[in-house]
Amino acid sequence: MTARHFRRKPRRGHGGARLATIAAMPTRSSDGPNSGLTAQKPARKAASKTGVKAVGKAAPAVDTANASADVPVTLPLIGVDFSSAPTKRKPVVVAQGVRSGSVVRLDGLQAFDSLAAFGDYLKHTPAWLGGFDLPFGLPRELVETLGWPTTWPALMDHYAALSRPQIREQFVGFCAARPVGGKFAHRTCDGPAGSSPSMKWVNPPVAWMLHAGVPLLRAANAWMPGLMPAPTEAPQRVALEAYPGLLAREVLGNRSYKSDDRAKQTPERLIARKDLLEALEQGRTRLGLRIRLSHAQRDDLVADASGDRLDALLCLLQAAWAGGRRDWGLPAAVDPLEGWIVSA
């Protein structure tokens, strides 16, 4: 089984009503950065063709294609901390939730240790509005210099057909011809978002994230506003490019809150995660949203020193904000090759 559910402990809501447990208690070990949570037992086949159990009921069809008013879209929300090469120790993490007014409730977390399992989840979950921590486009300057297709679908087809060594060779050649301090081409959104160029293949390897992630979204028939024409029918899967660092920096400034290196998983980073979660629960960001967590969820998010679960939560909040904004909160003019990072 390649999907893992993180437990949401039952708690009491308003009027003493108990909130349901989202998933069974996982087993624990001391290995790995994700607090040793191991895979759940396979769900019944009736849950889905892939054995991944969906959270909650599918939302009714809504006119998300023509969202023109600042009214929340009622699609279920997901936030995705993506990995281009997921493993049990470093999986793709998906936060699931719903928005009610200015409150976003975290319903659960799932982890996928293979791209195939994550792709199946995207395809078989009936409806979602998602914020994904991976680039959806490439810098126009790069694309035109390399002579690649200048329409997004054709560009993505071309990019997906290349191997990673082929991509690296062309990107290295592009950088070699440029001056020191300006080796990489940037998208327009990189400045306001403070994000890395989507052509970077190391530290972080976001070029590989695009290479691995966008084909999964396209295979799931997800609509990506700003890059694809509005569909004629209301889409039930809407994908937005998110960037958790944008929201985290608003609260923490330059303080680091995560590391995959155990030697760098310090008390200072632990405190930063606590401070970040406190701000999110109190709604102290420009998004104007508050996250609602159980005590168990809060403890799990703080304990994850890699920050993967917290990053998925930040992407969830960015998706929730976009769902309540005109045109998904995107600028009036988005370069259809580059795309845009939501809330930048």
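The values are calculated or read from the model by the stated rules, or taken from the named source; none is laboratory data. All figures in this text were calculated on a predicted structure; none of them were measured in a lab. Cβ placement follows ideal geometry from the backbone for every residue including glycine, while neighbour counts extend to all protein chains displayed. With ligands, DNA and RNA removed, areas are computed over all heavy atoms of the protein, side chains included. Shrake-Rupley method; radii C 1.70, N 1.55, O 1.52, S 1.80 Å.
Here is how the numbers come out for the structure above:
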item	result
All positions within region 297-344 that are at positive phi, in contact (Cβ under 8 Å) with a residue 24 or more places away in the chain and assigned to a helix (DSSP H, G or I)	Asp327, Trp328
Strands (runs of 3 or more DSSP E) enclosed by region 57-148 - at least 2 residues per element that are at pLDDT 95 or above and farther than 30 Å from Asp335 by Cβ	92-100, 103-112
Cβ-Cβ under 9 Å pairs, at least 6 apart or on other chains, region 140-164 side under 24 Å from Trp223 (Cα atoms), far side among the hydrophobic types (A, V, I, L, M, F, W, C) and surrounded by fewer than 16 Cβ atoms within 10 Å (Cβ to Cβ)	Trp148/Ala154
Subset of region 289-327 (residues that are surrounded by fewer than 22 Cβ atoms within 10 Å (Cβ to Cβ) and farther than 26 Å from Leu270 by Cβ)	Gly324, Arg325, Arg326, Asp327
Residues of region 207-217 classified as β-branched (Val, Ile, Thr) and within 12 Å of Arg168 (Cα to Cα), total	0
Odd one out for Ala333 among (1) open to solvent by 40 Å² or more (accessible area, probe 1.4 Å); (2) closer than 26 Å to Met224 by Cβ; (3) in contact with a Ser or Thr (Cβ under 8 Å, 6 or more places away or on another chain); (4) among the aliphatic types (A, V, I, L, M)	(3)
Residue within region 91-104 that is open to solvent by 60 Å² or more (accessible area, probe 1.4 Å) and not small (Gly, Ala, Ser) present	yes
Segments classed as helices (runs of 4 or more DSSP H), wholly inside region 167-254, with at least 3 members that are within 17 Å of Glu338 (Cα to Cα)	190-193, 206-219
Identity of the residue in region 114-134, within 15 Å of the chain's Cα centre (by Cα) and open to solvent by 10 Å² or more (accessible area, probe 1.4 Å), that ends up farthest from Leu216 (Cα to Cα)	Asp133
Residue within region 219-239 that is surrounded by fewer than 17 Cβ atoms within 10 Å (Cβ to Cβ), among the hydrophobic types (A, V, I, L, M, F, W, C) and farther than 30 Å from Gln96 by Cβ present	no
